[in-house]
Each structure stands twice: as C-alpha cells, then as structure tokens.
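Engineer: Below: one structure in structure tokens.
The values are calculated or read from the model by the stated rules, or taken from the named source; none is laboratory data. Given the structure is predicted, the values throughout are model-derived calculations rather than measurements. Don't worry about glycine lacking a Cβ; one is built from the backbone with ideal geometry, like all the others, and counts go over all protein chains shown. Remember, those area values only see protein heavy atoms, side chains included, never the ligands or the DNA or RNA. Shrake-Rupley method; radii C 1.70, N 1.55, O 1.52, S 1.80 Å.
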Amino acid sequence: MFGCFGHTFLSPRLTLTLTLSPRRVLPPLISSLFPPKPFSLLKPPFSLNPNPRTTMSSRPSAFDALMSGARAAASKKKPQAQSSSPKKRKTPDSNPKNSQSTSPKKSSDVSKPLEEAQVSNGPTSGQPNPNSHEEKSEVKKPRVSDPDSKLGLVTADESVALLKKKPKDFDPKSAAFWKDGERVPFLFLAKAFDAIDKESGRIAITEIVCNLLRTVIETTPDDLIAVVYLLGNKVAPAHEGVELGIGDASIIKALAEACGAKESQIKSKYQALGDLGLVAKASRSSQGLMRRPEALTVAKVFDTFQLIAKESGKDSQEKKKNHIKGLVVAATDCEPQYLIRLLQSKLRIGLAEQTLLAAVGQAAVYAEKHSSPPAHIDSPLEEAAKIVKQVYSVIPVYDKIVPALLTGGVWTLPKTCSFTPGVPIGPMLAKPTKGVSEILDKFQDMEFTCEYKYDGERAQIHYLENGSVEIYSRNAERNTGKFPDVVVAVSSIEENLFVLYLHRLKKSAVTSFVMDCEIVAYDREKKRIMPFQILSTRARKNVVMSDIKVDVCIFAFDILYLNGQQLMQEQLNVRREHLYKSFEEEPGYFQFATAITSNDLEEIQKFLEAAVDTCSEGLIIKTLSKDATYEPSKRSHNWLKLKKDYMESIGDSLDLVPIAAFHGRGKRTGNHLIGVYGAFLLACYDSSNEEFQSICKIGTGFSESVLEERSASLRSKVIPKPKAYYRYGDSINPDVWFEPTEVWEVKAADLTISPVHRAAIGIVDSDKGISLRFPRLLRVREDKSPEQASSSDMVAEMYNAQKNNQRNNQEENEDD
C-alpha cells in the first residue's frame, strides 16, 4: 500500500484514486491540480450508504502508480519534507474548521502508518463506483482526533479497558467503537478474548463477558446470537451435529496462501510456538497489503463459519480453505489468533460454558431497564444466572434462548423458552458412594429404589408425533445413525424390517415420548449382557442394518415426556408408572431396568452382587417419591451410584486424559524405537479455568498389545510443546506431548496429596495437588470428549470421602 486513501476522482471512463502519504507532502504540480478539500464525517457531501457492506472501491489504479513515482522524485529533491512537523503535516481528512478542537496530544495519531488495523464508525458512500461490488475499502478505527470522537466513540483498546469495570459502574454506550445499528466489529470480540485470557478469576471473567454482552444488546442486538455462539466456541447446538470439518493441514495451507508464505515456514513456526493461532497472528502482523479489505464483523465471521460447515462433496476442502483464507486476509491485530483458535475449536481462554451462561443471565438483568425482578428474589444477578443455566440444560439452543431474553426478559424465560421434543435434555447424573450403609445413612426415612447400573452407552430417545426418531448421547451428540436397529425398535413401523422386530414395543396410545435409557451390547443366543468393549466395536456413524454384527438391547429407566406432556417435575414413582404403562418388554430387544424397592441392607447387598454377576457395573440408588424430580445436567445427591469396586478401593473410577508420554524404561527401553511408549501422563479437567491438571503417571497394568494399541492411537496426536492450558509440576519432563483427544477410564488404589501433580490444586491444599496411587487402565471412553473427563472438583470430593472413610474406620478399630 502506498499510503492512506484520500480523494476519489470520477470520470465517464476512469476512476482515479489519489493516495496521500501521511509522511510526505505532494509535489507542487500535483497539489495545484488536486488541492485538498475540507472533509467531515459528520457532514458528508453525499448521503450515507444504508448498506454497511457496500463501500467505496480501493482498487489501486494507474494513477496510483503515477503518484508513487511523483512522490519518489519529490522525496529525492526535497528531503526536508520528511522532517516537517507532525502538527503542520497535511492529511486527507484535515478540516480547518475543526483544527482548533484537535488536541496536540492526539495529533501523533495522524502520523501513524495507516496500514494498521482500523475499525469503522460507520460506512460512508461516495458516488457510484463500477468496481464497488468487487472491492471494499478499509474501515477506519474511530480515534479521538476524528470528528466521530464527538459522538463518544473510543478506540478498541479503550473499549476493552472499559469492559473491565464493575457492571454496576459500566455504561454500555461508552464501550462501543461503532455506531448503533452497525455490525459489531470482530475486533471487539477478539480484544475481549485477549482480556479474558489474561484473567484467572471467574468473577472477573464473568463481569467482562457481562459488560460485552450489554454493549451488544445496547448497540446491535441482532448480533447477540452470533456473539454468544462465538463466545462458546460453537457454530450451532451440539445436537445438530454441525462440524467445521477442518484439520490443521487445511488451516496451514490457508495461512500460507493468505500470508504469502510457504507451508514449510508455517509448519516451522507452528513447531516453535505450538499454537496455530499465534502463528497466524505473527504471520499477518509481518505482512503488508496493497489494499486493506473490509474490516471483519462478528456477523461476517459467524456466517463464514456456517458456510464452512455446510461445504461438502467434491472440492469441499478447497472451498473451506478459501473461506479461511478470506477471513485471515481481512484480519488485523489479534483477530488472526482467535479466528484460528475458533476454527480449531480450541479457544482456551478460561471461559467455561457455565460462566458464559451466568454472564448472559446477568447481562439480561442490567438490560431490563423498565422491568424489576419479582419481589421474592433477594439476589437478582444470582437468580438470573441460575434461571439461564436451568433453561439451557433443558433446551441448549442459543437461537431460542437469546431472542426470548431480548423480547420477554430473564424472569419469564422458563415460560417463554421451555423443553422442546427433538432437542436433547442434559442427562441427570449420580454421585458416587462407598457402600450400602452409606446409602441408608443418606436416605434415612425416605423411600428409595435400586436399579442395575448397566455398562453401555447412555442414550436419550426422542419419538416425535410425525413418527421420526432421534437418539442422542450423554453429551447431546446425535447418534441416530449409529443405532438404526434402536430406531426400528421404538418406531411405529409395522413392517417386518429385516425380521429383527416382530411387533412394535410402544403401545398404540403412545404418540410421542422422550426416554432415558442405556443401550447395551447383548448376546441374544446366550441371553446375556456383553461388556462395554464389545459395544465399542460398532461403527460410530452411518451404520447399515445388514452390516450389524453386535446386537444391542435397550434398558429403559426413565421417561421425561409423554404424549405432549412434560414429566420432569413429576416424582420418579409417577414417571416410572408412565414408563411401564407405555411400553411392552421384549427380552434382548427392549427391557425395563431391573429394580427393587427396599431399605434392607442385606437385600440391597445381594441385589448388588446379582447386578455384578450379570455383567452390570453395580447399582444406581434413587429417591422414589420425595425429592425425586428429574434434574437435567445435574450430578444430584438424589441419585447415588454404587459399584462393587467402591468397597475395595477409592470408590468411583476416574475418566482421565492422556496429555503426554515417556519412552520406555527397563525392558521397555527400546520401545521408543518402534513408537511404543513406556508410560503416560494423565490429567483431570478443571472446567472453571479450562485447563487439564496432571494427576498421575500410568505405566503398569498394560499388556503389550494394549500398550502398542494406545501408543499407535496417540502417535498422530503428538505436538511440539505442552499446551498453555496444561498444569503440571516442574519436575515432570515427558518425552512427548499430545493433543487432548482421548479419555481413559482408570482405577487406582487410593488418592494422595502430591507436590508434583496439580489435580484439584487449591481445593484441598493451597499449593499441592492430588495424585492417584497404583493406577490401572480399565478402558477407553469413546463416548466422552476430553472436556467431559473427571473434574478437579470430583477428584477433591473423592479425596475427602476417602479421608473421612479412613477416619471412621480408625475410630471403629479404636472402639474394638
């Protein structure tokens, strides 16, 4: 780029753009031909363009080349022009009438190279330009020295500083560096990401996000849905199965082309930095452009992400790469860093989903100027956060929640935005317990029931009134294509499809339902449940009925919706009665979970042993007629899980993520030569800080075949350096690091305080973590994502439970 854009001259045949350098005066001949004209953004000589996407052309013309040569000649003849005072330097936007109001302190802004990222305060349009549909001009960042500053607009950096204010002292209008109704600049969001990344406290992060959302609500509410989705690093609800489908290879190619570099250079930087986002930022900041593309907006980025997700078929990867390239070319400042991280679904700034939901609720409270909370609410901000979280657990769709908040407010949200068949509900979860006697202690004077805890995949089956069936996993993924035989089992199709089902399992009066169940591998010849490992061998997508080799059985234990009626607020005994009346069992295909209702310790103990004998994991104990409503997305004390192992060791197993590995030692010393690791570093997940915390090193209990299998699986996940969101002791020095991709279920002898590992650090001990002793691998949890691994809070709870149990045992021994 030769300088900043100045005047555009139109003729019937040619459009000429005169570009003026802020560091040079024009040659006398050119100055006499084209004297500068006073110009004001407040009083344009033409009408403002109502379409913010249509702007003046910035295509370099033949006249630009002429001007460049003239300036070069002038600079050789008159070098003193280079040293002229900034206060006297002419600019295209200079206005004699406004010169007195311009502060000398801000005059240095004018002398900055205008190749820097700039954000628009509002589009302006000149006379019609034949090339305006092809090229778009740069969008200016509002500066205090600009006329728009009189409207109270600030710079992007000043805006972010304002977002850090306490919400009660924050004015949403003050933080916007764009005009009301204009699209929210993506730079606003990227700068906020940067600010959040530098914070560690959940309260401070919540306040920044709350103020950000209030600013969008105040200025451009139409962009709020896109802003919330990008804050959550999503492009659509989880159950819709919308994926960007982009690998690192495609991103590297796009970066190379966008930045004018070789792929090998991008890969080299990636090796050094370990973060493609940082690579993108560094590469773009060092690259000059002949012209500046139109500034990115949140809407543009979000719409492009959705286009990327929809690309399919031939040349889809090439099209996706070009979409990415277009975004990167237009990105400035820290935008490239967060664009790439969003594309990778690895934002990693410490913004947990529950924090985002709390901020949405709080922003709604501040935005309701003419509405006050109900009289019985003492803490409106806490109550609003609770309401939004509860509604999201029932209908996790921002496209429904955000408009409902904007139109009806937060206090009526449970009524205006409620459960919808076809949208998965967050599953209710159980707390671990250590023994039958503990169950009796917790459920004193309460009726409870015990059910088999099956070792399969949790599933939520939706049968809609139009006859369609959807199956969702525990993390809201659509699994309908994985279980076509289940679809046949619960649908209203009466034909004898593949001779698998002889009749419908639902009764004729049932027109719609949502069922909570476990899908288990089942041997119909031997009439027995098969281990989870057998179920995991089934293909995960697009299963064809004729190719099925592992049969499954549905074990139903709850019904949440029936014939248009929501049942979650009913007690379990009522829901169970509806379940039993609505379906007919067929052994090996569809059965109700085996259950008893008893408070006899010996009977429950025998029931547990029977469950284990039938290849079940143990028991789930549930309140039956009191405090027995269904609590979506909550690990409730009203559901307890009891496994046989609980009474032998620490209690529940842990789901952990391998983040690193060590080459073999002893007899495994040579294994690294063939790519087999000797031990792995495992971590739990801290959702509050969005980080993986090391908890143990696991190297025993592996057979050679399992060790080779796990090593082969992780070999392609090796990264050059640990992620910034890995926490581990300084003395831990693995030989290789991994992307967090797998979840392993692990059992251990007990938990102990550790100065080396960082699991649950600060919860049980101020500067020490918790580690596992004698861990062993049970299985790989393919149904869980790394973020669904055991939490640091759960690790701390298990440690405290173990500690209390040891204390009780010691007291009993002393009494004896």
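Engineer: Any idea which of Leu560, Leu535 is assigned by the TED database to the domain that holds Phe592, modelled with pLDDT of 90 or more, closer than 28 Å to Ala430 by Cα and open to solvent by less than 30 Å² (accessible area, probe 1.4 Å)? Walk me through how you get there before you give the answer.
Structural biologist: On the way: Leu535 fails: modelled with pLDDT of 90 or more.
Step by step, each of Leu560, Leu535 is checked, and only Leu560 is assigned by the TED database to the domain that holds Phe592, modelled with pLDDT of 90 or more, closer than 28 Å to Ala430 by Cα and open to solvent by less than 30 Å² (accessible area, probe 1.4 Å).
Engineer: Which numbered condition trips up Ala760, out of (1) small (Gly, Ala, Ser); (2) surrounded by fewer than 18 Cβ atoms within 10 Å (Cβ to Cβ); (3) on the phi > 0 side of the Ramachandran plot; (4) at pLDDT 90 or above?
Structural biologist: Condition (2) is where Ala760 drops out.
Engineer: Can you run down the residue pairs with Cβ atoms below 7 Å, 6 or more apart or on separate chains, where the first is in the stretch 593-614 and open to solvent by less than 80 Å² (accessible area, probe 1.4 Å) and the partner is of a type in the set (A, V, I, L, M) and assigned to a loop (DSSP other than H, G, I, E, B)?
Structural biologist: Thr597/Leu624
Engineer: Could you tell me how many of the residues in the stretch 432-446 are in contact with a helix residue (DSSP H, G or I) (Cβ under 8 Å, 6 or more places away or on another chain) and either of a type outside the set (S, T, N, Q) or open to solvent by 10 Å² or more (accessible area, probe 1.4 Å) (or both)? Reasoning before the result, please.
Structural biologist: First pass over the stretch 432-446, keeping only residues in contact with a helix residue (DSSP H, G or I) (Cβ under 8 Å, 6 or more places away or on another chain): 432-437, 439-440.
Add one more test, that the residue is either of a type outside the set (S, T, N, Q) or open to solvent by 10 Å² or more (accessible area, probe 1.4 Å) (or both), and what stays is 432, 434-437, 439-440.
Qualifying residue count for the region: 7.
Engineer: Which of the following residues is touching a Lys or Arg at 6+ places or on another chain (Cβ under 6 Å) and either part of a helix (DSSP H, G or I) or crowded, with 22+ Cβ neighbours inside 10 Å (or both): Lys325, Lys321?
Structural biologist: Numbers: Lys325 fails: touching a Lys or Arg at 6+ places or on another chain (Cβ under 6 Å).
It is Lys321.
Engineer: Oh, and also: Within the stretch 163-212, how many residues are in contact (Cβ under 8 Å) with a residue 24 or more places away in the chain, farther than 24 Å from Pro336 by Cβ and not β-branched (Val, Ile, Thr)? Spell out the reasoning first.
Structural biologist: Quick first cut of the stretch 163-212, residues in contact (Cβ under 8 Å) with a residue 24 or more places away in the chain only: 163-167, 170, 172-173, 175-197, 199-200, 202, 204-212.
Okay, now just the ones that are also farther than 24 Å from Pro336 by Cβ, so 165-167, 170, 172-173, 179-181, 200, 202, 204, 206-207, 210-211.
Going one step further and asking which of them are not β-branched (Val, Ile, Thr), we end up with 165-167, 170, 172-173, 179-181, 200, 202, 204, 207, 210-211.
Of the residues in that region, 15 qualify.
Engineer: Being among the β-branched types (Val, Ile, Thr), open to solvent by 20 Å² or more (accessible area, probe 1.4 Å) and either under 14 Å from the mean Cα position of the chain (by Cα) or at pLDDT below 95 (or both): is that true of Val227 here? Break it down into steps so the answer makes sense when it comes.
Structural biologist: Working: among the β-branched types (Val, Ile, Thr): yes; open to solvent by 20 Å² or more (accessible area, probe 1.4 Å): no; either under 14 Å from the mean Cα position of the chain (by Cα) or at pLDDT below 95 (or both): yes.
Considered against the rule, which asks whether it is among the β-branched types (Val, Ile, Thr), open to solvent by 20 Å² or more (accessible area, probe 1.4 Å) and either under 14 Å from the mean Cα position of the chain (by Cα) or at pLDDT below 95 (or both), Val227 comes out as no.
Engineer: What number of residues within the stretch 239-279 are in contact with a Pro (Cβ under 8 Å, 6 or more places away or on another chain) and open to solvent by 50 Å² or more (accessible area, probe 1.4 Å)? If you could, list the steps in order and put the result at the bottom.
Structural biologist: Kept after step one, since they are in contact with a Pro (Cβ under 8 Å, 6 or more places away or on another chain), are these residues of the stretch 239-279: 239, 270-272, 274, 277.
From what is left, the residues that are open to solvent by 50 Å² or more (accessible area, probe 1.4 Å) are 271-272.
Counting residues in the stretch 239-279 that are in contact with a Pro (Cβ under 8 Å, 6 or more places away or on another chain) and open to solvent by 50 Å² or more (accessible area, probe 1.4 Å) gives 2.
Engineer: With the structure loaded, tell me whether Tyr270 is within 29 Å of Glu787 (Cα to Cα), at pLDDT below 90 and either not aromatic (Phe, Trp, Tyr) or not assigned by the TED database to the domain that holds Lys721 (or both) or whether it fails that test. Outline the logic, then answer.
Structural biologist: Values: within 29 Å of Glu787 (Cα to Cα): yes; at pLDDT below 90: yes; either not aromatic (Phe, Trp, Tyr) or not assigned by the TED database to the domain that holds Lys721 (or both): yes.
Here the answer is yes, as Tyr270 does meet what is asked.
Engineer: State whether the residues of the stretch 230-237 include one that is in a loop (DSSP other than H, G, I, E, B), at positive phi and open to solvent by 30 Å² or more (accessible area, probe 1.4 Å).
Structural biologist: yes
Engineer: Could we say that Pro396 is crowded, with 18+ Cβ neighbours inside 10 Å and assigned to a loop (DSSP other than H, G, I, E, B) here?
Structural biologist: The answer is yes for Pro396.
Engineer: Among the residues of the stretch 330-353, count how many are open to solvent by 40 Å² or more (accessible area, probe 1.4 Å) and within 20 Å of Ala309 (Cα to Cα).
Structural biologist: Result for the stretch 330-353: 2.
Engineer: Hey, any hits in the stretch 462-469 for a residue that's open to solvent by 40 Å² or more (accessible area, probe 1.4 Å), more than 27 Å from Pro396 (Cα to Cα), modelled with pLDDT of 85 or more and not in a helix (DSSP H, G or I)?
Structural biologist: no
Engineer: For the stretch 470-501, how many residues are at pLDDT below 80, open to solvent by less than 40 Å² (accessible area, probe 1.4 Å), assigned to a loop (DSSP other than H, G, I, E, B) and over 16 Å from Leu535 (Cα atoms)?
Structural biologist: Qualifying residue count, the stretch 470-501: 2.
Engineer: So, one more: Look at Leu356 and say whether it is open to solvent by 20 Å² or more (accessible area, probe 1.4 Å), out of contact with any strand residue (DSSP E or B) (no Cβ under 6 Å at 6 or more places or on another chain) and either farther than 30 Å from Cys259 by Cβ or not in a helix (DSSP H, G or I) (or both).
Structural biologist: On the way: open to solvent by 20 Å² or more (accessible area, probe 1.4 Å): no; out of contact with any strand residue (DSSP E or B) (no Cβ under 6 Å at 6 or more places or on another chain): yes; either farther than 30 Å from Cys259 by Cβ or not in a helix (DSSP H, G or I) (or both): yes.
Criteria not met by Leu356.
Engineer: Quick check: is even one residue across the stretch 722-737 at pLDDT below 90 and open to solvent by 50 Å² or more (accessible area, probe 1.4 Å)?
Structural biologist: Among the residues of the stretch 722-737, at least one is at pLDDT below 90 and open to solvent by 50 Å² or more (accessible area, probe 1.4 Å), which makes the answer yes.
Engineer: Within the stretch 633-652, restricting attention to residues that are open to solvent by less than 10 Å² (accessible area, probe 1.4 Å) and at pLDDT 85 or above, which residue is farthest from Gln390 (Cα to Cα)?
Structural biologist: Once the filter is applied, the top-ranked residue is Leu642.
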